[in-house]
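One structure is given below, encoded as structure tokens.
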Amino acid sequence: MSGRPPRREEEEGEKLRSKEELSRRIKEQKVVVDELSNLKKNRKVYRQQPNSNIFFLVDRTETLSQCKNTLDKLKKAHQEMENSEKTKIKK
């Protein structure tokens, strides 16, 4: 024996980590959507460029729309993951 865990356990552990990561991203996105929703109309919103300290002024309503779409996609991916687990359990 090589001392390595069986492949199935590795896959389940990886799925659990990805599921936890997805849940964490959903929570973060919910906070962003909530904060953008509660901003006053005259407030400015800035978006940070990835991997830099540069910020750009963006449209609040457009950013809110993009964040809501991202949240919907994350929720859909999470639901698909849940459904695939349920079908595997039934089989």
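Some notes on this structure:
- Mean projected area in nm² (Cα convex hull; one quarter of hull surface) for the stretch 31-85: 4.9
- Candidate lysines - alpha carbon under 22 Å from residue 68, same-chain residues fewer than 8 apart omitted: 19, 27, 30, 40, 41, 44, 76
- Nearest-10 value in Å² for the accessible area of residue 87, using the 1.4 Å probe: 70
The values are calculated or read from the model by the stated rules, or taken from the named source; none is laboratory data. This is a predicted model, so every value here is computed, not measured. In case anyone asks, the SASA skips ligands and DNA or RNA and just uses the protein heavy atoms, side chains included. Shrake-Rupley method; radii C 1.70, N 1.55, O 1.52, S 1.80 Å.
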